Structure formats: structure tokens, C-alpha cells
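Okay, so here's the structure we're looking at.
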Amino acid sequence: MTTSLLSDLKIHFSQAIAEAFGADYANHDPAVAPSKDAKFGDYQCNAALGLTKKLKQKPQDVAAKIIANFLTDDSINDIFETPTIAGAGFINLKLKLSYIESHLAKMQKSDRLAIAKVDQPERVIVDFSSPNIAKEMHVGHLRSTIIGDSIARILEFQGHDVLRLNHVGDWGTQFGMLITYLREVYPDALTKADAIAIGDLVELYRAAKKRFDEDENFKEISRAAVVELQAGEPTAKLAWQLLCEQSRREFQKIYDALNIQLTERGESFYNSYLSNVITDLRETGLLQEDQGALCVFLEGFSNKDGQPLPLIVQKSDGGYNYATTDLAALRYRIREDKATRIIYITDIGQSGHFAQVFQVATRANWIPETVQTTHVPFGLVMGEDGKKFKTRSGDTVALKSLLEEAIARARTDIEIRNPEATEEFKQDVAEAVGLGAVKYADLSQNRTSNYIFSFDKMLALQGNTAPYMLYAYVRVQGIGRKGEIDFASLDAAIKLTTDPEIILAKHLLQFAEAIDAVAEELYPNRLCQYLFELSQKFNQFLEQCPVLQAVEAEKISRLSLCDITAKTLKLGLSLLGIRVLERM
Ligand code: ARG
């Protein structure tokens, strides 16, 4: 059993093709897809046309042979009407109503909506969020956090063994200058916990950077401080730890608000592995010296004079950099964590960095064939003016105030809609709606494009928004309350009679496919689109089909459809990191 009907079909058609035309064709693309147009049925297999040339047979004959072999599996006859051939050998499949009804009943009784886990779970690492110590987490990190969490949730749901890693920037030259600066202006910060707030830390960091850029002497001392730190000198080490803890506490507030689980394993973790990267690269013969720095010359990357670009792995002063750390981390993740799929979520600006790191690791033979490394890039967050997201004062927007504003706006809205409600209720709704809206707005965009951050749009009750989805869920609970229905004890006897019911039912069956698609291609907006269409189809169904007023058998069937829709919305939204409300 696979994770969805579509993936089952791909296997069945592959087998049918191999049986019909011999083992040589076992790896032929079965070209199976959901039908774009309902008049051609629900699924199509478009492999025949591609095979005609090789086989020198008419596409219709090829299709007929595929069908004959496809139908030898008895289970197929329970699921589909007799396949038909259209045009140039396109095989059309239509689901049997009896199958849809019985599968829906299974979905209703299962907390996984009858979606199987993968047969072969993988060890997956999702590297996401990864803010930098002593700097504030900004909207870019928000995107990484939200997208990474959703991808991790989906892979976990599929049964994979997922390690969520926070690759925080907790090492490097910035600490030398920060420590040097604090020794001068605020020595307490280097010995006492809690002496500075993160906001101040960010300010202090800016001031330190300014000094560093302007003052040669300061620069010298800062460099010496980095060396001290790297050598484990106790006062520098303590100072570094305090700074990290301070930032960490601040980051944690955001993670708590957003309900994000992460294992912190910052850049500093890989310190002791960095020199081996250099030694081993030297052994592969890839390492070269260039103006005192050690580097690997890249294939396919060149400067404006057409010369190959180097990836520097050790600077001329002996220091290591971001790329060295990522090479060490990659090796550690393969060797020690035994990961077979490693996913990195960062802004699109780092695409070059990851392509280069992957290239060097591949050429050094550090990535076995069984391991897949993927960079998942995302675009910028833009203000409504279409420019890079900034506050009025021109600063980048701090994440915390952003989330607070979303909650506050949702709160204003509930005050108007439901002034009588309890304080507790209002706050709960405001948080679920506000935070859900921020997450959904991010996830529902194709992640590679820039997206415009608009509170008004993301909080709107209409459109592809979290509130619209949450509202569809609440509607079902409202029907349950009104009819005093206990959904849990509803005995699913589903009978589909009208078009809106069938359209909704078929869409419910495709949930598993939407999840598969995100797990494979890592575009969470695919799941958002699915849920949006589900809400729309559900609302159309409610408009056209009375539920509580229907006669008994019809009523039970329709209530079941409502219940399965709600369960699908709840599970689907939970895979996006969004919680539902019983009332709003
Ligand atoms: N700290 C980096 C930044 O803020 C992101 C780290 C991403 N992960 C990695 N393995 N390089 O841009």
C-alpha cells in the first residue's frame, strides 16, 4: 500500500506496461495524473503516445494492451469503472461511486483520514529558522521558520524520522567585536546573566560594528578576542555563552508563540570538525591556494572575466567561514545523523551558497548516492508599497511586534463581532486567527516569489486566507451544535446523490495526493490550495444541499460529509502549523 491512490496508480500502470511490453519497459514513465477536466474522468494514463514510436504500434492498440494488463488486478475493478480510451491513446479512469463512499467511511473512522504511512521511512533533516545570535530575528527568519515547520510536519505525518535542526549563527568574528565593545562600555554584560535585553544587544551589536569598521585599533583587539574565544579562553567563553543564552531566550519566545519545535545545533557545534574538512579536501586534490586563502575552484561559476570562481574554505588569516561550517555540517549529518534527505530552508539569496557547498561535497565524494540534499529557497517579504518590508522608521521589522500586531488586529475584529464573549475566549480566538493568518499568508504563496505582507488581506474572512479556512471548520461545528450531533458516534453510511456532494467527496479523496505532492516537491502552497478548494467546495455543497433539514438517511450521509471535511481541514491546517477553533 502506498500513501495515495495516485501513487498506487503509478505503480499499477508501471507494472501493466512492463507486463504488456516486457521488462525493458519497466522504468517507462507511466504518465499518470489526475484529469484536468472532469469530463475525462478522474485520472488519466498518458503513456501510450510515448510508447507508440518505440513499439511501432498504434497508440490505441498500445492503450488497449496497457488496460488489459492493468485490469488483471482485481482491486482495480472495485475502484474504477471500465477504463476508456480517448484520442491518441489516452486512458481515462473514472472512480466508482461505491468506492468513493466506502473510502470516505474509512476516512471518517481514522485519525489519519485513512492515509497510510510510507513503507520506507527516511531519516530526514530539515535545517530551518537558523537566526543569528546577537541579532534580532527578522521576517526572513519568519519565513524559514514557518515553511520549515510545515515541511517537517508533513514529512513527520508521512512517517519519516525527522530531525529539525536550528543552525543558529552562534560563531564567528561578530563575537570578537561584540566582546571587545562590551568590555569597554558594559563589562557587566559579559559576566552576569540577564544584564542586557535583546533589543539592547542588537543596538550594542550595531555600535560595535561601527567601531569595528572605523577604528583600526579596535579591529585588532577584536580579532585577538576571536582567537581567544576559539582557543577557549574562559572569560571570552563565558561572555559568549551569556550572549548566546540571551538571544536564545528571545528566540524561544517566538518559537513558543508559533508552536515550533527545534533542536538547536548552531555553527559552533561543528568547530572541532572544521580542520578535517580542509585536510580531507586536500587529500581529494580539490584544494588550491589563492592569494593566501585555501579554496576549491567551482565548476559552472565564474566571475565577470570568465574565470572560475573559488569557494573559500580557509581565509588567509587561518579562519574558517560559513561555507566551511556547512561542509562540516553536511558531513556530520550524513555520517553521524545518518540522514538520507537533507533539506535547507533559506532565502533565495543563499541559492548560490548551497549550490557551491553541494558541488564541493559531491566532487569530494562526501555525498553517497543514497543521500539527497535540497535547498528550499524562498523570496523576500515586501511591504504593501512593493518595497522591502520596513517599519516607518526604516528599520527592518522585528518579528515579535509583527506577531503582536496580527493578534491585536484579530482581537479588534472579534471585539466587534462578539463583544459579549469572555476575555479568555476573545484572546484564544485572536491568537489562533492572528498567528494562523500570518502563517497561512506565507505558506499559501509560491515560496520562490516575493510576497506582500498585508494584515488586511491575511485577516480577511474571504479569499485564500486562514480565517476563511477556520470559518469553514467552525461552520461544521456549528451545524453539530445546532443539531445536537455527536460526530464521533455518527455511523458513516454515505450515499452520494447530488453533484455538489460528489464534487466535494472526490476532492476529499485527493487530500492524500496533496500531502504527497508537498512531501516530494516541498511547496506547501500546494496543500493550501487544496484546502482552499476544499472550503469552497464545502461551502457550495452547504448552499445547495440541506443538511439538518434533510430526511434521515440523507441527513446522516451529509453530516458525515461535513464531519470528514472538518477533519480534513483540521489535519490539513495542523500540517501547516495552524490550529482550528470550535467557535470564532
Ligand atoms: N544563519 C543563516 C542566516 O541567517 C542561515 C543558516 C541556514 N542554514 C545553513 N545550514 N546554512 O542567514
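The values are calculated or read from the model by the stated rules, or taken from the named source; none is laboratory data. Owing to the predicted nature of the structure, the values given are computational and were not obtained by experimental measurement. Here Cβ is always computed from backbone atoms with ideal geometry, including for glycine, and neighbour counts include all displayed protein chains. SASA here: full protein model, heavy atoms, side chains in, ligands and nucleic acids out. Shrake-Rupley method; radii C 1.70, N 1.55, O 1.52, S 1.80 Å.
Descriptive notes on the structure:
- Each 10 Å bin from zero holds the following percent of Cα-Cα pairs in region 145-200: 18, 31, 17, 22, 12, 1.
- The chain: antiparallel DSSP beta bridges as a percent of all, rounded to 5: 50
- With contacts taken as Cα pairs under 8 Å and at least 6 residues apart, the chain reaches a relative contact order of 14 percent.
- Region 171-230 - charge dipole about Cα centre, Lys and Arg +1 at Cβ, Asp and Glu -1, debye rounded to 20: 100
- Degrees separating the helix 173-185 axis from the principal Cα axis of the chain, which is the longest one: 50
- Computed from Cα positions, the angle between helix 399-417 and the longest principal axis of the chain comes to roughly 40 degrees.
- Pairs of Cα atoms farther than 44 Å apart, the chain, %: 31
- Net charge in the neighbourhood of A189 (other residues with Cβ under 13 Å of its Cβ; Lys, Arg +1, Asp, Glu -1) is -4.
- Heavy atoms of the protein chains alone define the surface here; on that basis region 1-86 has 54 Å² accessible area per residue at 1.4 Å probe size.
- Ratio Rg/Rh [Cα only; Rh per Kirkwood] for region 518-577: 1.10
- For region 314-320, putting each phi into the Karplus relation 6.51 cos²θ - 1.76 cosθ + 1.60 with θ = phi - 60° gives couplings of 9, 6, 5, 7, x, x, 9 Hz, in residue order, rounded to whole numbers and with x for Gly and Pro.
- Fully extending the segment from Q462 to L548, taken as 0.36 nm per residue of separation minus the present Cα-Cα distance, adds 28.5 nm.
- Inter-part distance where region 504-535 and region 406-468 are each reduced to a Cα centre, Å: 22
- Sequence of Y25, Y473 from largest to smallest accessible area, 1.4 Å probe: Y25, Y473
- Viscosity 0.692 mPa s, 37 °C: Kirkwood-radius Stokes-Einstein D of region 125-232 over Cα pairs, µm²/s: 208
- For region 455-530, the relative contact order works out to 14 percent when only alpha carbon pairs closer than 8 Å and six or more residues apart are counted.
- Carbon + sulfur, % of accessible area of the chain - ligands and nucleic acids excluded, 1.4 Å: 50
- Separation in nanometres of the label points that stand 7 Å from Cα toward Cβ, at A257 and L71: 6.1
- Compared with the dominant Cα axis of the chain, that is its longest principal axis, helix 274-284 is turned about 80°.
- The label point for T362 and the one for E520, both projected 7 Å from the Cα toward the Cβ, are 2.1 nm apart.
- What region 506-584 shows is 36 Å² of accessible area per residue, with the surface traced by a 1.4 Å probe over protein heavy atoms.
- Take the convex hull of the alpha carbons in region 230-333; its mean projected area over all directions comes to 9.5 nm².
- Stretching the chain fully between A195 and K304 yields a gain of 34.4 nm (0.36 nm per residue, less the alpha carbon separation).
- Only protein heavy atoms count here; on that basis, with a 1.4 Å probe, D491 has an accessible area of about 110 Å².
- Estimated purely from DSSP H runs of n ≥ 4, each contributing -39500 (n - 2.57), the mean residue ellipticity at 222 nm for the chain is -17500 deg cm²/dmol once divided by its residues.
- Full extension of the segment from E369 to E245, taken as 0.36 nm per residue of separation minus the current Cα-Cα distance, would add 40.8 nm.
- Å² per residue, accessible surface of region 94-175 at 1.4 Å: 33
- Using the Karplus relation 6.51 cos²θ - 1.76 cosθ + 1.60 with θ = phi - 60°, the per-residue 3J(HN,Hα) values for region 353-368 come to 3, 5, 4, 5, 4, 5, 5, 4, 5, 5, 5, 7, 6, 8, 10, x Hz, with x marking Gly and Pro.
- Accessible area of V168 in the full protein assembly, 1.4 Å probe (Å², nearest 10): 0
- Here is the tail figure for region 296-421: Cα pairs spaced more than 25 Å apart come to 51 percent of all pairs.
- On the beta carbon distance between I416 and D29, with R0 = 51 Å, the FRET formula returns roughly 0.40.
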